[in-house]
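The values are calculated or read from the model by the stated rules, or taken from the named source; none is laboratory data. What you are looking at is a predicted structure, and each value in this text was computed from that prediction instead of being measured. Quick reminder, even Gly has a Cβ in these numbers, built from the backbone with ideal geometry, and neighbours come from all protein chains shown. What goes into the accessible areas is simple: the full protein's heavy atoms, side chains included, and nothing from ligands, DNA or RNA. Shrake-Rupley method; radii C 1.70, N 1.55, O 1.52, S 1.80 Å.
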Amino acid sequence: MPDAAAVGGGGFTGKFENLCSYTHTNQDDAILFPNQPGASAHLHDYVSNPAADANSTAASLRAGTTNCVNNLDFASYWAPTLYSGTTAVHTASDTIYYLTNGKKNVQPYPFGFKEIAGNARATNPSQAQNILWGCSTTAPTLPEAPNCASGEQLHVRVNFADCWDGVHLDSPDHVSHVAYSTKNVCPAGFPVPIPMLSILFKYPTANGAVLKTSAGMGTYSMHADFFNAWDVKELQHMVTMCLDAGKDCGRPTGVQ
(Lines give C-alpha, C1' and ligand atoms only; values in the text may rest on other atoms or scores of the structure.)
Protein backbone atom coordinates (compact mmCIF):
# COMPACT_ATOMS: atom_id res chain seq x y z
CA MET A 1 0.00 0.00 0.00
CA PRO A 2 1.38 3.49 -0.84
CA ASP A 3 0.85 4.89 2.65
CA ALA A 4 2.61 1.91 4.22
CA ALA A 5 5.56 2.68 1.96
CA ALA A 6 5.54 6.19 3.39
CA VAL A 7 7.26 4.94 6.51
CA GLY A 8 8.98 1.91 5.08
CA GLY A 9 12.76 1.71 5.08
CA GLY A 10 13.10 4.45 7.65
CA GLY A 11 14.78 2.35 10.33
CA PHE A 12 11.63 2.10 12.41
CA THR A 13 11.70 -0.83 14.80
CA GLY A 14 8.19 -0.54 16.23
CA LYS A 15 4.95 0.78 14.83
CA PHE A 16 1.21 0.95 15.29
CA GLU A 17 -1.31 2.75 13.15
CA ASN A 18 -4.75 4.23 13.33
CA LEU A 19 -7.05 5.02 10.44
CA CYS A 20 -9.04 8.21 10.90
CA SER A 21 -10.91 10.60 8.64
CA TYR A 22 -11.90 14.22 8.15
CA THR A 23 -14.56 15.59 10.47
CA HIS A 24 -14.95 19.35 10.03
CA THR A 25 -13.35 22.68 9.20
CA ASN A 26 -13.13 25.86 11.24
CA GLN A 27 -10.86 28.82 11.89
CA ASP A 28 -10.07 27.75 15.46
CA ASP A 29 -6.81 26.55 17.00
CA ALA A 30 -7.00 25.24 20.57
CA ILE A 31 -3.20 25.17 20.83
CA LEU A 32 -2.23 28.59 19.46
CA PHE A 33 -5.44 30.44 20.32
CA PRO A 34 -7.26 28.61 23.13
CA ASN A 35 -10.74 29.93 23.93
CA GLN A 36 -10.59 32.34 20.98
CA PRO A 37 -13.04 31.09 18.30
CA GLY A 38 -12.11 32.18 14.80
CA ALA A 39 -8.73 33.63 15.85
CA SER A 40 -6.60 31.56 13.47
CA ALA A 41 -5.35 33.33 10.35
CA HIS A 42 -6.37 30.37 8.22
CA LEU A 43 -8.84 27.50 8.12
CA HIS A 44 -8.08 24.08 9.61
CA ASP A 45 -9.26 20.62 8.62
CA TYR A 46 -9.76 18.32 11.62
CA VAL A 47 -9.29 14.57 11.80
CA SER A 48 -10.70 12.09 14.32
CA ASN A 49 -12.69 14.03 16.92
CA PRO A 50 -15.65 16.16 15.73
CA ALA A 51 -15.82 17.99 19.08
CA ALA A 52 -12.53 19.85 18.46
CA ASP A 53 -12.75 23.63 18.52
CA ALA A 54 -11.10 26.65 20.15
CA ASN A 55 -12.51 25.73 23.55
CA SER A 56 -11.28 22.15 23.52
CA THR A 57 -9.51 20.67 26.52
CA ALA A 58 -8.20 17.16 26.89
CA ALA A 59 -11.22 16.36 29.06
CA SER A 60 -13.73 17.72 26.53
CA LEU A 61 -12.08 15.79 23.71
CA ARG A 62 -12.11 12.60 25.79
CA ALA A 63 -15.82 13.15 26.45
CA GLY A 64 -16.46 13.45 22.72
CA THR A 65 -16.44 10.86 19.97
CA THR A 66 -13.99 9.66 17.34
CA ASN A 67 -14.17 8.23 13.83
CA CYS A 68 -10.86 6.39 14.15
CA VAL A 69 -10.80 2.62 13.72
CA ASN A 70 -9.25 2.27 17.15
CA ASN A 71 -12.13 4.02 18.87
CA LEU A 72 -10.18 4.81 22.02
CA ASP A 73 -8.21 7.47 20.15
CA PHE A 74 -10.00 10.71 21.06
CA ALA A 75 -7.01 12.89 20.17
CA SER A 76 -7.48 15.76 17.77
CA TYR A 77 -5.26 16.16 14.71
CA TRP A 78 -5.53 19.15 12.40
CA ALA A 79 -3.80 20.84 9.46
CA PRO A 80 -4.46 23.88 7.27
CA THR A 81 -7.20 23.44 4.71
CA LEU A 82 -5.85 22.91 1.19
CA TYR A 83 -7.23 24.61 -1.90
CA SER A 84 -7.33 23.88 -5.59
CA GLY A 85 -7.79 27.39 -6.91
CA THR A 86 -10.59 28.77 -4.73
CA THR A 87 -12.11 25.36 -3.93
CA ALA A 88 -11.38 23.75 -0.58
CA VAL A 89 -10.18 20.15 -0.86
CA HIS A 90 -10.57 18.05 2.29
CA THR A 91 -8.78 14.87 3.21
CA ALA A 92 -10.60 11.65 2.43
CA SER A 93 -8.96 9.38 4.98
CA ASP A 94 -5.72 9.57 6.89
CA THR A 95 -3.21 7.17 8.40
CA ILE A 96 -1.88 8.07 11.83
CA TYR A 97 1.43 6.33 12.49
CA TYR A 98 3.06 5.96 15.90
CA LEU A 99 6.68 4.91 15.43
CA THR A 100 9.98 4.32 17.16
CA ASN A 101 13.45 3.96 15.66
CA GLY A 102 15.17 1.79 18.22
CA LYS A 103 14.96 3.90 21.35
CA LYS A 104 14.13 1.97 24.52
CA ASN A 105 11.52 2.75 27.16
CA VAL A 106 9.33 4.86 24.91
CA GLN A 107 6.79 6.70 27.03
CA PRO A 108 3.22 7.37 25.93
CA TYR A 109 2.18 10.98 25.52
CA PRO A 110 0.72 12.35 28.75
CA PHE A 111 -2.97 13.14 28.67
CA GLY A 112 -3.32 16.71 27.42
CA PHE A 113 0.07 16.77 25.65
CA LYS A 114 0.26 19.22 22.72
CA GLU A 115 2.69 19.41 19.83
CA ILE A 116 3.04 21.17 16.47
CA ALA A 117 5.13 20.04 13.50
CA GLY A 118 6.00 22.10 10.44
CA ASN A 119 6.20 25.84 9.93
CA ALA A 120 3.15 27.88 8.93
CA ARG A 121 5.46 30.71 7.80
CA ALA A 122 7.81 28.60 5.68
CA THR A 123 8.54 29.95 2.20
CA ASN A 124 11.34 27.59 1.12
CA PRO A 125 12.42 23.95 1.61
CA SER A 126 14.92 24.68 4.38
CA GLN A 127 12.09 26.09 6.49
CA ALA A 128 9.80 23.14 5.79
CA GLN A 129 11.63 20.29 7.46
CA ASN A 130 9.72 17.14 8.43
CA ILE A 131 7.08 17.78 5.74
CA LEU A 132 7.22 15.38 2.78
CA TRP A 133 4.93 15.33 -0.28
CA GLY A 134 4.17 12.76 -2.95
CA CYS A 135 1.44 11.14 -5.00
CA SER A 136 -0.45 7.99 -4.10
CA THR A 137 1.75 5.83 -6.33
CA THR A 138 4.96 6.67 -4.46
CA ALA A 139 6.16 7.30 -0.93
CA PRO A 140 6.31 10.99 0.02
CA THR A 141 9.87 12.30 -0.41
CA LEU A 142 9.43 15.80 -1.89
CA PRO A 143 9.69 19.15 -0.08
CA GLU A 144 6.88 20.67 -2.16
CA ALA A 145 3.56 19.35 -3.45
CA PRO A 146 3.89 17.81 -6.92
CA ASN A 147 1.40 17.77 -9.78
CA CYS A 148 -0.28 14.38 -9.37
CA ALA A 149 -1.88 12.67 -12.33
CA SER A 150 -5.63 12.75 -12.61
CA GLY A 151 -7.07 9.96 -10.46
CA GLU A 152 -4.14 9.94 -8.05
CA GLN A 153 -4.23 11.30 -4.53
CA LEU A 154 -1.87 13.93 -3.21
CA HIS A 155 -0.16 12.70 -0.04
CA VAL A 156 1.70 14.68 2.59
CA ARG A 157 3.46 13.21 5.60
CA VAL A 158 4.04 15.35 8.68
CA ASN A 159 6.63 14.01 11.14
CA PHE A 160 6.48 15.15 14.76
CA ALA A 161 9.33 15.24 17.28
CA ASP A 162 10.08 12.07 19.23
CA CYS A 163 11.86 13.37 22.36
CA TRP A 164 10.31 15.28 25.28
CA ASP A 165 11.67 17.36 28.15
CA GLY A 166 9.66 15.18 30.54
CA VAL A 167 8.03 18.15 32.26
CA HIS A 168 5.89 20.38 30.07
CA LEU A 169 2.72 19.37 28.23
CA ASP A 170 3.19 22.41 25.99
CA SER A 171 5.52 25.40 25.62
CA PRO A 172 5.02 29.04 24.63
CA ASP A 173 6.04 28.37 21.02
CA HIS A 174 4.48 24.86 21.14
CA VAL A 175 7.72 23.18 20.01
CA SER A 176 10.38 23.98 22.65
CA HIS A 177 9.25 21.15 24.97
CA VAL A 178 10.10 18.55 22.31
CA ALA A 179 13.02 17.74 20.00
CA TYR A 180 13.91 15.32 17.20
CA SER A 181 16.31 12.48 17.87
CA THR A 182 19.57 12.12 15.96
CA LYS A 183 20.74 8.61 15.12
CA ASN A 184 18.14 7.23 17.55
CA VAL A 185 19.47 9.37 20.43
CA CYS A 186 17.50 12.10 22.16
CA PRO A 187 19.40 15.38 22.63
CA ALA A 188 20.40 16.84 25.98
CA GLY A 189 17.48 18.42 27.76
CA PHE A 190 14.97 16.05 26.15
CA PRO A 191 15.61 12.76 27.93
CA VAL A 192 12.21 11.12 27.49
CA PRO A 193 11.64 9.16 24.27
CA ILE A 194 8.05 9.48 23.03
CA PRO A 195 6.47 8.00 19.92
CA MET A 196 7.23 9.67 16.63
CA LEU A 197 3.82 10.71 15.42
CA SER A 198 3.73 10.67 11.62
CA ILE A 199 0.47 11.71 9.97
CA LEU A 200 -0.20 10.85 6.33
CA PHE A 201 -2.89 13.19 4.99
CA LYS A 202 -4.42 12.06 1.69
CA TYR A 203 -6.18 14.49 -0.65
CA PRO A 204 -8.13 13.89 -3.86
CA THR A 205 -6.84 15.79 -6.89
CA ALA A 206 -8.37 16.59 -10.25
CA ASN A 207 -6.70 17.25 -13.60
CA GLY A 208 -3.26 17.40 -12.07
CA ALA A 209 -4.04 20.46 -9.96
CA VAL A 210 -1.53 21.42 -7.27
CA LEU A 211 -3.15 22.18 -3.95
CA LYS A 212 -2.18 25.21 -1.88
CA THR A 213 -2.56 25.64 1.88
CA SER A 214 -4.95 28.13 3.39
CA ALA A 215 -1.95 29.50 5.30
CA GLY A 216 -1.30 31.42 2.09
CA MET A 217 2.37 30.62 1.52
CA GLY A 218 2.24 27.63 -0.80
CA THR A 219 2.75 24.07 0.30
CA TYR A 220 5.99 24.82 2.17
CA SER A 221 3.70 26.22 4.89
CA MET A 222 2.07 22.85 5.54
CA HIS A 223 2.01 21.97 9.24
CA ALA A 224 -0.07 19.96 11.68
CA ASP A 225 -1.19 20.01 15.30
CA PHE A 226 -1.70 17.19 17.80
CA PHE A 227 -3.72 17.43 21.03
CA ASN A 228 -3.56 14.17 22.94
CA ALA A 229 -6.78 12.80 24.42
CA TRP A 230 -6.21 9.07 23.90
CA ASP A 231 -7.66 6.73 26.48
CA VAL A 232 -4.70 6.56 28.86
CA LYS A 233 -4.70 2.78 29.34
CA GLU A 234 -5.10 2.08 25.64
CA LEU A 235 -2.23 4.33 24.59
CA GLN A 236 0.03 2.78 27.23
CA HIS A 237 -0.98 -0.67 25.99
CA MET A 238 -0.16 0.15 22.38
CA VAL A 239 3.18 1.75 23.23
CA THR A 240 4.20 -1.22 25.38
CA MET A 241 2.95 -3.89 22.99
CA CYS A 242 4.28 -2.34 19.77
CA LEU A 243 6.93 0.32 20.30
CA ASP A 244 8.76 -0.95 23.37
CA ALA A 245 8.51 -4.51 22.07
CA GLY A 246 9.94 -3.52 18.69
CA LYS A 247 6.92 -4.90 16.88
CA ASP A 248 5.07 -3.77 13.78
CA CYS A 249 1.49 -4.01 14.95
CA GLY A 250 0.10 -2.78 11.63
CA ARG A 251 -3.37 -1.45 11.18
CA PRO A 252 -6.08 -1.68 13.84
CA THR A 253 -9.26 -3.65 13.56
CA GLY A 254 -10.87 -1.85 16.50
CA VAL A 255 -10.09 -1.65 20.20
CA GLN A 256 -7.04 -3.81 20.97
Count of segment 71-123 residues which are of a type in the set (A, V, I, L, M, F, W, C), more than 21 Å from residue 140 (Cβ to Cβ) and in a strand (DSSP E or B): 1
Residue match in segment 165-176 (condition: in contact (Cβ under 8 Å) with a residue 24 or more places away in the chain and of a type in the set (Val, Ile, Thr)): yes
From 100, 141, 87, 137, residue being of a type in the set (S, T, N, Q) and open to solvent by less than 10 Å² (accessible area, probe 1.4 Å): 100
Residue check, residue 220 at pLDDT below 95 and not polar (S, T, N, Q): yes
Which numbered condition residue 126 misses (of (1) in contact (Cβ under 8 Å) with a residue 24 or more places away in the chain; (2) not in a loop (DSSP other than H, G, I, E, B)): (1)
Test for residue 238: is it at pLDDT 70 or above and either open to solvent by 60 Å² or more (accessible area, probe 1.4 Å) or more than 30 Å from residue 126 (Cβ to Cβ) (or both): yes
Segment 146-172, residues that are open to solvent by 80 Å² or more (accessible area, probe 1.4 Å) and at pLDDT 95 or above: 167, 168, 172
Segment 148-161 residues that are touching a residue at least 60 places away in the same chain (Cβ under 8 Å) and closer than 24 Å to residue 193 by Cα, paired with ones that are part of a loop (DSSP other than H, G, I, E, B) and among the small types (Gly, Ala, Ser) (beta carbon under 6 Å, 6 or more apart): 157/6
